Each structure stands twice: as C-alpha cells, then as structure tokens.
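Every read-out reported here was derived from the displayed coordinates using simple, explicitly stated rules and does not represent laboratory data. No experiment lies behind these values; they were computed from the predicted model shown. With ideal geometry, Cβ positions are generated from the backbone for all residues, glycine too; neighbour counts draw on all protein chains shown.
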Amino acid sequence: MTDVAASDFQHPRRYVRLDTILRLRWLAALGQLAAIFVVAHGLEFDLPIIPCVTIVGLSSLLNLALQVIFDPMQRLEPRHAAALLALNITELAALLFFTGGLQNPFSYLFLAPVLISATALPTRLTMVLGAFAVACATVLGFTHLPLPWDPYDPLILPPIYLAGVWFSIVLAIGVTSLYTFQVTEQARKLSDALAATELVLTREQHLTQIDGLAAAAAHELGTPLSTIFLISRELEKALQENATQDPQRLAGDLGIVREQAQRCRDILAKIAQLSSSGAPFDRMPLSTLIEETVAPHRDFGIDIKTRIAAAGDHEPVGMRNPAILYGVGNILENAVDFARSVVEVNAWWDSDTVGIVISDDGPGIVPDILKRIGEPYLSRRRNVGDAQGDRSGLGLGIFIARTLLERTGARVSFSNRTFPEHGAVVQIVWPRVRFETSKTIAETTA
C-alpha cells in the first residue's frame, strides 16, 4: 500500500498577496475618512481635521506607491506583510492619539491587523504584532488628546473604566487571535490532508491502470504469441534437419508469422489506449478483494485469519476500485502494525449490506484518540524495535483511508473489543447497491 511520509506534507511557508493587504488598507482609509467627515460635519464636534486627514492622506499615498511600484498580485514574504500590518497599527494609533485615545470606541480596531496576521502569517510574527498593538494601546491609555465631544457637556470617563477598556482590548487580541489561529490551522491541516488524499488517489489509480493493462496484455497476446512460437519452432527444426520444403509452404509460414506479429502490434496499440474501466478483470468479488488486500501483509510475523460468512444471496461483485483497495489495505496495515500475534478479517453480506470487520489483538485504541480517530494529523504508532514506545506521525493514513471509503458509500466505525479481550475493531459497511455499482476512481473524480 502507498505510504505517505510526514516530510512530504510539511506546511509550506505562508504568503499573503500584496493586493489583499492593499484592499484592506484602502478600506481602512475610506472608513477613516468617513468617520472624520461624520464627526466633524454630522455631529459638529471639534476635531483636529488637519492632522487626521494628513495621516489618512499619507496612508493613501503609500498605497498608490505600492500599487505602482510592485505587482499587486505578487505574494509578500511574511515579514513584509507583517511590516504593512504593523504600519496599519501605527496609523490607527496616531489617529486615536488625536481623537481621544482609549476613550474612542474605534480603539477596538487594534484587533483587526492581529486577526489578519493570525489567519495568514506565522505564529511568531502574530505574537510580535499582538505585543505591538498592546504597547500602542498602553501608550494611548496615558497620552492622548481629548475625545471630540460637546464642549458644553464634556465626557469624563473614570480611570477604572479606561483600565477596563485597555484590559478588554488586550484580552480580545489574545483570545480572539488564538481562536482564529486554531481554526485556521485546523483548516490548513485539513487542506494538506486532502492534498495528500488526492496524491495517493492518483498514485493508486496509476497502479491499477498498469495492473489492468498487464492483465489485458497477457490475455490478448497469448494466442498470437503461441502461434508465432509454434511456427518458429517448426521452421527452426526444418533448418536443423536440412529438410527440403516447399517454397510456397515456407512463404506461407513466414506470412503467418508476419500476420501474427502485426496482430501483436495492433493489440498493444489498442491496450495502450484503454482506461482502467475498460480493462479485463475490472470487477472483483468480495472474496477476491479480501485476498488481494491481505496478501501483501502475510509475511510480517502476524497470523492473518480471514473468514467469509456466505449468506443465501450470491456473493457481491464490485468494481475494482483503488479507493476501496487502498482504504481497506491501509486499515489492515495498521492492524498488523499494532497486533501482537493475530489479525482477523471477517467479511459478510446479505441482500442489503456488505461488511468487512478488521480486528487485532493489540493494545486497542486509546480512549482520547478513539473520540477523534479519523482526523488528520492524529497518530500514535508503535515504534519499530520498541514495543513500548510510541512515535507520533501525521495520522494521514487513517484519515485518507476513511475519506476514500466514505466516498464509495461506506460507513467506517472504530471501537475496541469488549473486556476482557483487547484490541481494536474497525467495521466497514456498504449498502450493497453502492458496493456493486461503485465506479472506478477515474469516473468518480471526473
């Protein structure tokens, strides 16, 4: 079975497009101008318009310069994206300095650049931006110009309230950014795992195509090659005995050899154009599926017992689907890895369902993992040469196997044997109609 190494799916470096940052900066500039206009002309509060408009104007000029000098579609290095986000924090802090500091309700916008960093930039840079935003909020708590307000009814907020505002900003930056990072990281892991699934799926499809074409070639080429062999042997015998042969008969034999050789060429050309769905042996009974998945794992010192409970209905015959072969084989491989001495593979069917149950006599599945098994990047696999040791892995194998099997209509469940027995049990159940009509991977993913 195909194995996916951890090193093949390490997270790539995270990049953000310049266009994304610029769009956010333009949105911020328009929002700031709108807020200045509403406060100064709508509410008629005394606002230092010139410093505020200057800050927004400089931000807009920088946006224009970046759009002209650089390609907006280019992906920024993480540190460059972090620098632009830090500049956003600086511009916001400068505007808040002239408009009341933490008394300004827009002070919570310190959270926005940190959240953007949490979704797109490495953790280290997000922590730096968060610390910078907290530092700016702290400075504004002590140093700022008065909040624009009605001069005849000034607003005076108590220090304890401002301390609460500062604390809520710090808490929001920390907790919300952590939550955003966790959600984004989970989505990123899922994306990587699905990419691994597609890679394995493609590899299995190629192997299945080669297998089917090899069987087709052996079947189709058998007759013409046998004819060529017989005629060649007769001609060789005649030459060794210096027998006199009728020239017409000799020419006829050579003509047959030429025709059969041309037939071989035609067969090979036809087979080269076949897809796996058109190859012979494309359908396989359940018993053949079991044997094909069990065979590669019989030489690992583990006794694999197979039992097929035949019902009154005829044996189900399904398509030769790489997804099923890989999924069942991967689960069986895990059972062999963890088993002490025996792995049991039980298959059964009736008029409505088809099932395969794979169990082992190993330590079983740890309860905390049992609740989450099948998720990507979750694994505890026994270390080779250390029966008591565990090594962590990506856990992509079970995730990929479960995903592929469920795509064919199967329901996969994990459990442990009932005490006092020990070991893991994996049950795979298909609706019989889905098992017998399941298409090949090339068709289901087209």
Given H placed on each backbone N at 1.01 Å, which residues far from Gly318 in sequence or on other chains put an amide H within less than 5 Å of it? Met284, Leu286
Loop-only check: which chymotrypsin sites (Phe, Trp or Tyr not before Pro) in segment 24-98 are DSSP coil with at most 14 other Cβ within 10 angstrom? Phe70
Taking K and R as +1 and D and E as -1, what net charge do the other residues with C-beta under 11 Å from the C-beta of Val343 add up to? -3
Name the long-range amide H neighbours of Thr306: under 5 Å, sequence gap of 5 or more, or other chain; modelled H, no Pro or chain starts. Val345
